[in-house]
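The values are calculated or read from the model by the stated rules, or taken from the named source; none is laboratory data. Here the structure is a predicted model, which is why all the values come from computation and not from measurement. Positions of Cβ are generated from backbone atoms using ideal geometry, with glycine treated the same way; all protein chains shown enter the neighbour counts. We work out accessible area using only protein heavy atoms, side chains counted, and drop any ligands, DNA or RNA first. Shrake-Rupley method; radii C 1.70, N 1.55, O 1.52, S 1.80 Å.
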Amino acid sequence: MHNQHIKTPLPGPKAQALLARDAAVVSPSYPRDYPFVMSHGRGTEAWDVDGNRFLDFMAGIAVCSTGHAHPAVVRAVQEAAGKFLHISSDYWHENMVGLAERLARLAPVGEPAMSFLCQSGTEAVEAALKLARYVSGRQRFIAFLGSFHGRTMGSLALTSSKYTQQKGFAPTMPGVTHVPYPNPYRPLFAGGDQGQATLDYIRMLFDRNLPASEVAAIVVEPIQGEGGYLVPPDGFLAGLRALCDEHGILLMCDEVQSGIGRTGRMFACEHWGVRPDIVTSAKGLGSGLPIGAVIAKKRVMEQWKRGAHGNTYGGNPITCAAAIATLDLVASEFMANAARTGEYFMYRLRELQRDFPCIGEVRGKGLMIGMELIENDAARTPARALCDRLVTRAFHNGLLLLTCGVSTVRFMPPLSVSVAEIDEAIGLLRGSLAEALQNKDG
Ligand code: PLP
């Protein structure tokens with residue numbers, strides 16, 4: 001298909017030169033899908049080094065919540081950088097305390113909260129695991145198949161969305177038991193409510209194998225991200241909360257991908273009115289600046305003694321300034337926009353579904369939307385190759401996308417995305433899907 005904004009074959013000459021330099025010196029471990037070489041961005045638009053303009057519907061893996069280079073975030077970063085770049089989390093300053101105050105106000109835990117600040121999602125998860133063990137005196141964790149919680153040795157022990165993330169790294173942190181994440185589109189348990197079946201399965205584990213009294217926390221993504229943008233059935237998270245309460249287990253919601261307005265609420269667990277004990281956040285929190293946070297009930301986090309956990313960069317003045325500006329924008333404007341435009345986007349995707357039977361399901365909340373592709377059969381066989389071809393064709397047509405799960409395209413544009421941009425994306429998607437179905441690669 002023709003897109004006037006794509007002016008060179010992709011990758012263009014300047015992009016090719018940079019890719020060659022990269023291949024010589026940058027780790028090949030990064031799971032890169034297509035050769036997008038960025039020059040600059042504004043809102044939902046991103047330009048490559050050859051002057052081609054793209055619509056960014058992956059937002060740096062759900063990070064650029066306020067769009068690329070939002071002026072208010074850039075201004076906040078510049079102002080903070082002009083004062084000082086670093087002092088370390090062992091000292092005090094306005095931006096660190098100011099951010100923790102905001103997080104305490106927004107925390108979905110239903111009571112006073114405290115925060116531990118760090119630089120990334122995986123560090124937030126590591127810190128949360130340590131907090132859970134420290135305060136409970138228990139060692140074990142329950143996590144979900146298909147989950148993604150990071151790639152360091154503790155979080156990696158929980159992560160289970162692709163075996164390639166594990167292969168070659170054992171042993172990771174011991175003591176993790178994985179259970180299925182409810183997937184109503186692909187039910188694992190015969191008949192009935194998949195959420196309830198998963199809860200029954202955990203109860204069975206408690207009876208037969210896993211002493212509940214040794215479990216520190218159940219770690220769950222309120223909407224499973226990397227595993228396929230799966231929205232659990234109503235009652236599932238509440239059921240987990242009840243199970244935790246029954247056995248003195250901490251409920252830990254990993255909101256690294258689903259939090260900060262992405263689903264139309266500040267935190268996804270709010271859709272079901274469930275109050276976790278510990279929440280992890282990162283990605284969208286800093287609009288692109290590297291920041292993570294563990295937000296926990298005050299009565300949980302205040303048990304940490306001085307020196308129990310720390311870091312050098314936590315509460316960095318610049319990343320905190322970016323996060324404060326981000327939260328202001330998300331709370332005042334973009335969270336509501338995500339709820340509104342997300343509904344419209346899903347409506348447009350379901351329209352597309354009527355024309356393309358290979359679209360098995362469109363699901364999500366707010367601007368965390370998955371479109372699962374299947375072969376044209378009653379068994380709903382995942383169309384993995386088609387999914388990869390679609391993302392490649394979309395890139396060539398000027399639309400940046402990512403996959404998740406086995407054969408799901410995920411849409412996670414900036415929360416500032418407009419209806420006009422969604423319409424443009426739908427046009428690009430329609431053309432790209434038609435091309436992918438014709439087996440057009442490259
Ligand atoms: N937790 C969730 C739910 C995530 O989606 C991710 C990243 O995709 C992480 C944790 C890890 O975050 P990071 O890549 O910043 O370490």
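Provide a single number: the residues in segment 114-173 that are part of a helix (DSSP H, G or I) and of a type in the set (Val, Ile, Thr).
Here is the first cut: in segment 114-173, the ones part of a helix (DSSP H, G or I) are 121-136, 153-158, 163-165.
Remaining after also requiring of a type in the set (Val, Ile, Thr): 122, 125, 135, 164.
Qualifying residue count for the region: 4.
Between residues in segment 1-27 that are surrounded by 13 or more Cβ atoms within 10 Å (Cβ to Cβ) and residues that are among the β-branched types (Val, Ile, Thr) and assigned to a loop (DSSP other than H, G, I, E, B), which pairs lie under 6 Å by C-beta distance while being six or more apart or on different chains?
So the pair list comes out as Lys14/Val49; Ala15/Val37; Ala15/Val49; Leu18/Val37.
Considering only segment 328-359, how many residues are open to solvent by less than 20 Å² (accessible area, probe 1.4 Å), touching a strand residue (DSSP E or B) at 6+ places or on another chain (Cβ under 7 Å) and either assigned to a helix (DSSP H, G or I) or small (Gly, Ala, Ser) (or both)?
4
Could you list, in sequence order, all residues of segment 214-237 that are part of a helix (DSSP H, G or I) and in contact with a helix residue (DSSP H, G or I) (Cβ under 7 Å, 6 or more places away or on another chain)? Even if it seems obvious, please write down each step before you answer.
Going through segment 214-237, the residues part of a helix (DSSP H, G or I) turn out to be 214, 236-237.
Selection gives Phe236, Leu237.
Being among the hydrophobic types (A, V, I, L, M, F, W, C) and within 16 Å of the ligand (Cβ to nearest atom), is that true of even one residue in segment 177-189?
As a first pass, look at segment 177-189 and keep what is among the hydrophobic types (A, V, I, L, M, F, W, C): 179, 188-189.
With the extra rule that they be within 16 Å of the ligand (Cβ to nearest atom), the set shrinks to none.
No, segment 177-189 contains no residue that is among the hydrophobic types (A, V, I, L, M, F, W, C) and within 16 Å of the ligand (Cβ to nearest atom).
Of the residues that sit in segment 133-148 and are closer than 24 Å to Asp200 by Cβ and under 22 Å from the mean Cα position of the chain (by Cα), which one is surrounded by the fewest Cβ atoms within 10 Å (Cβ to Cβ)?
Filtering segment 133-148 for residues that are closer than 24 Å to Asp200 by Cβ and under 22 Å from the mean Cα position of the chain (by Cα), the one surrounded by the fewest Cβ atoms within 10 Å (Cβ to Cβ) comes out as Leu145.
Of the numbered conditions (1) part of a helix (DSSP H, G or I); (2) farther than 18 Å from Ile142 by Cβ, Asp207 fails exactly one; give the number of that condition.
(2)
How many residues are open to solvent by 50 Å² or more (accessible area, probe 1.4 Å) and in contact with a helix residue (DSSP H, G or I) (Cβ under 8 Å, 6 or more places away or on another chain) when one looks only at segment 32-44? Write out each step before concluding.
Looking only at segment 32-44, we keep the residues that are open to solvent by 50 Å² or more (accessible area, probe 1.4 Å), and these are 32-33, 38-40, 42.
Right, trim to in contact with a helix residue (DSSP H, G or I) (Cβ under 8 Å, 6 or more places away or on another chain) and you get 33.
Residues meeting the conditions: 1.
How many residues are in a strand (DSSP E or B) and in contact (Cβ under 8 Å) with a residue 40 or more places away in the chain if we restrict to segment 28-44? If you could, list the steps in order and put the result at the bottom.
Taking segment 28-44 and keeping what is in a strand (DSSP E or B), we get 38-43.
From the residues that got through so far, the ones that are in contact (Cβ under 8 Å) with a residue 40 or more places away in the chain too are 43.
Number of matching residues: 1.
If I ask for residues that are open to solvent by 20 Å² or more (accessible area, probe 1.4 Å) and either outside the structural domain of Phe54 (by TED's automatic domain parsing) or within 16 Å of the chain's Cα centre (by Cα) (or both), which ones from segment 368-410 would you list?
Leu402, Thr403, Gly405
Restricting attention to segment 106-125, report how many residues are open to solvent by less than 40 Å² (accessible area, probe 1.4 Å) and either away from the ligand (no atom under 16 Å from the Cβ) or not hydroxyl-bearing (Ser, Thr, Tyr) (or both).
Residues of segment 106-125 that are open to solvent by less than 40 Å² (accessible area, probe 1.4 Å), as a first pass: 107-109, 113, 115-118, 120-122, 124-125.
Going one step further and asking which of them are either away from the ligand (no atom under 16 Å from the Cβ) or not hydroxyl-bearing (Ser, Thr, Tyr) (or both), we end up with 107-109, 113, 115-118, 121, 124-125.
So the count comes out to 11.
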